Structure formats: structure tokens, C-alpha cells
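The next block holds one structure in the form of C-alpha cells; read it before the comments.
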Amino acid sequence: MAELLSDDEIDQRLPDDWHREGDEIVRTYEFDDYLKGVTFATNVAEVAEEEFHHPEILIGYKEVEVRLTSHEAGGITDQDIRMAELFDGEY
């Protein structure tokens, strides 16, 4: 099982445009239209499946919210930070 990151580690390593909400890291990506957001969400889902670490994804009209946490560890781990970086690469 992955080990939880300390508050300081999270603060230091959290990618730009991500923020912490309790035991999750969260980012809202903005798009010009709905279908671009859906395409992005599909790409995120494919990456998540390959990595076997699945975020919560909320698709809105021109935005997609992504939430990451490691449920089995009870909070934020290296894997969450890594996934955030991978998802940013899809944007």
C-alpha cells in the first residue's frame, strides 16, 4: 500500500492549478465547448485505467473537475500527485 504524504510534501509537490480539499487533490479544467471536455475526460479515463488509479470525474458544460485520492491509504499519496501530472499532460 502507498504511504500517505505529509501536509508539507503535498504543499511542495502539488502541481500548478491543483488544490487540496481534505483528503483529495482537485483541479477544474476549462474548455471552449462541451465536447472538448468530454474528450478530455475520456483521455483521463484511459490514463487512469492504464495506471489502475481512478479519479472522480465530473463533466460540466465547459469544464471538467477531477478529484484524486488513494482510498486504500486514506488520503493523498505519491500516486495521486503522479496522476495529476499525467492528467495535466492530457490538457
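Laboratory data are not the source of any read-out in this text; all were calculated from the coordinates shown. These numbers come from a predicted model, not from an experiment. Because the Cβ atoms are built from the backbone with ideal geometry, glycine has one as well, and the counts that use them run over all protein chains shown.
Some notes on this structure:
- Some residue of the stretch 54-63 being over 18 Å from residue 5 (Cα atoms) and of a type in the set (Lys, Arg): yes
- Candidates are the residues of the stretch 37-79 that are assigned to a loop (DSSP other than H, G, I, E, B) and hydrophobic (A, V, I, L, M, F, W, C); the one that is farthest from the chain's Cα centre (by Cα) is 73.
- Condition broken by residue 72, with the remaining ones in (1) crowded, with 16+ Cβ neighbours inside 10 Å; (2) over 17 Å from residue 21 (Cα atoms) satisfied: (1)
- Cβ-Cβ under 7 Å pairs, at least 6 apart or on other chains, the stretch 34-57 side surrounded by 13 or more Cβ atoms within 10 Å (Cβ to Cβ), far side of a type in the set (D, E, K, R): 34/62; 37/62; 37/63; 40/90; 43/90; 44/90; 47/90; 55/67
- Residue-level check: of (1) touching a residue at least 24 places away in the same chain (Cβ under 8 Å); (2) farther than 20 Å from residue 13 by Cα, residue 66 misses just (2).
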